[in-house]
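Quick one: this structure, given as structure tokens, is what I'll be asking you about.
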Amino acid sequence: MIRVENLQKKYGDHLVLKGITTEIQEREVVCVIGPSGSGKSTFLRCLNLLETVTSGKVIVNGHDLTDPKTNLNQVRSEVGMVFQQFELFPHKKVLDNITLAPIHVRKMPKETAEKKALELLRKVGLQDKAHAYPEQLSGGQKQRVAIARALAMEPKVMLFDEPTSALDPEMVGEVLAVMRELANEGMTMVVVTHEMGFAREVGDRVLFMDDGYIIEEGTPQALFSSPQHERTKAFLSKVL
Amino acid sequence: MSIDWSVVIEYKDYFVRGFITTIELTVVAIVFGLIIGLILGLMQISGKIYLKVPARVYIDLFRGTPLLLQILAIHFAVIPTIWEDILQMTPPSALFSGFVALSLNAGAYIAEIFRGGIESIDKGQMEAARSLGMTYGQAMRLIVLPQAFKRMLPPLGNEFIALLKDSSLVTVIAVNDITYAAFTTAKSTLERMGPYVTAGVMYLLLTLVLSRVVLYLEKRFTPQARKK
């Protein structure tokens, strides 16, 4: 589904990603953990080219993202992204937030898009908020709408960039519950997270990143109970 | 001292024509100023040096020289050169020169308002739109510009009012606007106060209406939720 080969990313002279190689299978849930500044968000953002890749290869869904001939809009429409700060469109109602891309990118008729949006809102438990504006929602509700918005494009992969980091603690659960359900349905997911409980419970595989490298990867059981690398041990001892 | 209003009545056709001309000048300059301003504003934020530099030069040129000089230069130098020397035609009227000068000048100021408005929208909004597969153009048109426009309305309102008043400068190339009507009436009747007070009242009326329209738009572009 996703293949990354020796991915490097430079900001000016500063090398943030120093050579990432990994593969993510269909229906796999991969959690990316690591200290801040380790490059995990940058790595995620390279997977739908919100960041330009300095060198290396990123192949998503059969499209080589680093090939200049690739239609990036097409690729991005097949990859859902959920942001830490939600990034709902504040001038649009919840329903319009969800239908905007299907209507304008997929050229879906408005009625079909709205019907589908309502189904997705039901799925995330917010069908009664269809006509609210984002500012009327709590953080947890906003993030659930953001997930519904990404799902409306029927993505083949969902990327989550610290989806619960900006939430009040009591709202983390409702967002994780939606993500857990998605994982159970077989969605391919890459999740940058600080929620070790979620990574342990839902993740098929955990990548530990530090200083621009994937230091260690494995099943959650293996990585959390018997980390091999010193840096992984040091990090886990602080967060667990 | 008493003001003799009879000359204003006598020359009322001048004032009516001037009133209409001033409105025409303002509306044309607003419309073309918005178009020029949007293009220049987008060029400035494009991140492409071959678009940014020309936009910057244009804005510096039109903001850095007096409007009065621009009007004179466009009417007496630029337009005659283009029409007589290049097109081999008779140049258009002074009113046309006024339209051109005011629109070009307004475009420079409006470009800065557009740039500021667009840059004030969080970058995450563009990223969210792009991540849904929208093109840069769609993301600008559907997500960034509608939000930026609301923030741009107050400075745009100021610009429109300044434009309305600055349109009086075209009097120097004998465009029949409100100021020209007052000036010619005062000159030919030797009545000093009446014509100028009348012109002032006309401008005041127009600026008041314009500022109310801008206020109304500001309210309309505020989402329902915030009104409660």
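The values are calculated or read from the model by the stated rules, or taken from the named source; none is laboratory data. This structure is a prediction, so every number in the text was calculated from the model and none was measured. Because the Cβ atoms are built from the backbone with ideal geometry, glycine has one as well, and the counts that use them run over all protein chains shown. To get the accessible areas, we keep the full protein, side chains included, count just its heavy atoms, and leave off ligands, DNA and RNA. Shrake-Rupley method; radii C 1.70, N 1.55, O 1.52, S 1.80 Å.
Filter the stretch A:190-240 for residues that are in a strand (DSSP E or B) and aromatic (Phe, Trp, Tyr); which is nearest to A:Met158 (Cα to Cα)?
A:Phe208
So, in the stretch A:89-104, of the ones that are open to solvent by less than 40 Å² (accessible area, probe 1.4 Å) and at the interface with chain B (Cβ under 8 Å from one of its Cβ atoms), which residue ends up nearest to B:Pro146 (Cα to Cα)?
Selected residue: A:Phe89.
Return the residues of the stretch A:134-155 that are of a type in the set (D, E, K, R), open to solvent by 20 Å² or more (accessible area, probe 1.4 Å) and under 14 Å from A:Val178 (Cβ atoms); say none if nothing qualifies.
Within the stretch A:134-155, A:Lys142, A:Arg144 qualify.
Of the residues B:Ala174, B:Ala186, which single one is open to solvent by 30 Å² or more (accessible area, probe 1.4 Å) and among the hydrophobic types (A, V, I, L, M, F, W, C)?
Step by step, each of B:Ala174, B:Ala186 is checked, and only B:Ala174 is open to solvent by 30 Å² or more (accessible area, probe 1.4 Å) and among the hydrophobic types (A, V, I, L, M, F, W, C).
Name every residue in the stretch B:114-134 that is within 7 Å of chain A (Cβ to nearest Cβ) and open to solvent by 20 Å² or more (accessible area, probe 1.4 Å), in order of residue number.
B:Glu127, B:Arg130
Another question, if that's okay. Quick check on this structure: which one of B:Ile71, B:Ile23 is at pLDDT 95 or above and under 14 Å from B:Leu164 (Cα atoms)?
One residue alone meets the criteria, B:Ile23.
For A:Met158, which of the numbered conditions (1) under 23 Å from B:Met140 (Cα atoms); (2) outside any loop (DSSP other than H, G, I, E, B); (3) within 12 Å of another protein chain (Cβ to nearest Cβ) fails to hold?
Unmet for A:Met158, out of (1) under 23 Å from B:Met140 (Cα atoms); (2) outside any loop (DSSP other than H, G, I, E, B); (3) within 12 Å of another protein chain (Cβ to nearest Cβ): (1).
Please specify each residue of the stretch A:106-133 satisfying the condition of being open to solvent by 40 Å² or more (accessible area, probe 1.4 Å) and facing chain B (nearest Cβ under 10 Å).
The answer is A:Arg106, A:His131.
Now for a different question. Take the conditions away from every other protein chain (no Cβ under 14 Å) and open to solvent by 30 Å² or more (accessible area, probe 1.4 Å) and apply them to B:Ala77. Does it pass?
In short, yes.
Name the residues in the stretch B:42-55 that are at pLDDT below 95 and either β-branched (Val, Ile, Thr) or within 15 Å of B:Asn105 (Cα to Cα) (or both), would you?
B:Ile45, B:Ile49
On the basis of being surrounded by 15 or more Cβ atoms within 10 Å (Cβ to Cβ), more than 14 Å from every other protein chain (Cβ to nearest Cβ) and not charged (D, E, K, R), does B:Ile82 make the cut?
Considered against the rule, which asks whether it is surrounded by 15 or more Cβ atoms within 10 Å (Cβ to Cβ), more than 14 Å from every other protein chain (Cβ to nearest Cβ) and not charged (D, E, K, R), B:Ile82 comes out as no.
Hey, can you tell me all the residues within the stretch A:1-54 that are in contact with a Lys or Arg (Cβ under 6 Å, 6 or more places away or on another chain) and on the phi > 0 side of the Ramachandran plot?
Of everything in the stretch A:1-54, just one residue is in contact with a Lys or Arg (Cβ under 6 Å, 6 or more places away or on another chain) and on the phi > 0 side of the Ramachandran plot, namely A:Gly34.
Exactly one condition in (1) away from chain A (no Cβ under 14 Å); (2) closer than 16 Å to B:Gly37 by Cβ; (3) in contact (Cβ under 8 Å) with a residue 12 or more places away in the chain is not met by B:Val175; state its number.
Result: B:Val175 passes all but (2).
Filtering the stretch B:135-167 down to residues that are in contact (Cβ under 8 Å) with a residue 60 or more places away in the chain and of a type in the set (Phe, Trp, Tyr), which residue is surrounded by the fewest Cβ atoms within 10 Å (Cβ to Cβ)?
B:Phe149
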